[in-house]
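Read the figures in this text as sums done on the coordinates, not as results from a lab. Since this is a predicted model, take the numbers as computed values, not measurements. Cβ placement follows ideal geometry from the backbone for every residue including glycine, while neighbour counts extend to all protein chains displayed.
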Amino acid sequence: MTHPRVRRVEVPQAARPAGEFATADYASAFELPSRQARSLPPEQWARATFEDAPPAVRWILLRGWTLGLGLRMGPRQSPGYVLGWALTESGSASVTLDARSPLIAARNVVVVDESGVVWVTFVRYHRRLARLVWAAAAPVHHLAVPWLLGRAGRNRTASGGARS
């Protein structure tokens, strides 16, 4: 089930990448409207979204990323990673998480501004099979990201902005 306030939106200009992902084969963006979004920096939104998910959900995510998509994940407990995604850029307005496999390169960009939090995903295919694999994964992605982002927003509100 998706969060009722999280909605699919156009990829914001602030999240549009240069380089490899400028011509992504897939892009999606989900927004959690919140006037208090800036109460957490983008990295903490990313951590709250992935790392504060229930253990069973984290297990399913990791299996889907590693077994389903073949992504090579880093150490989950390292400050340079967010649930295994490499933290490649971190600033006051956005954070970028990357992971790769022989099939795909994937990037998540979390943008925080005065109107809310936007979670953007880009995928580049490296092989023909990647299109089929992502076609199977995309419906799960379209359910998981809004639910996870909405949950992070609810938890942030319930805890007064602090990460538990």
Any idea how far apart Arg131 and Ala56 come out in nm if each label point goes 7 Å out from Cα toward Cβ? 3.7 nm
Quick one: grab the alpha carbon gyration tensor of the range 69-137, order the square roots of its eigenvalues as a ≥ b ≥ c, and give me rounded if a/c is under 1.5, else prolate or oblate depending on whether a/b is larger than b/c. oblate
Out of all Cα-Cα pairs in the range 7-156, roughly what percent, to the nearest whole number, are more than 21 Å apart? 39 percent
For the range 47-90, using Cα atoms only, the Rg and Dmax in Å read 10.2, 28
Could you check the spin-label model distance between Val140 and Ala93? Points 7 Å from the Cα along Cα→Cβ, value in nm. 3.4 nm
Within 10 Å of each candidate Cβ there may be at most 12 other Cβ atoms; applying that plus a DSSP loop requirement, which GluC sites (Glu not before Pro) in the range 1-70 survive? Glu10
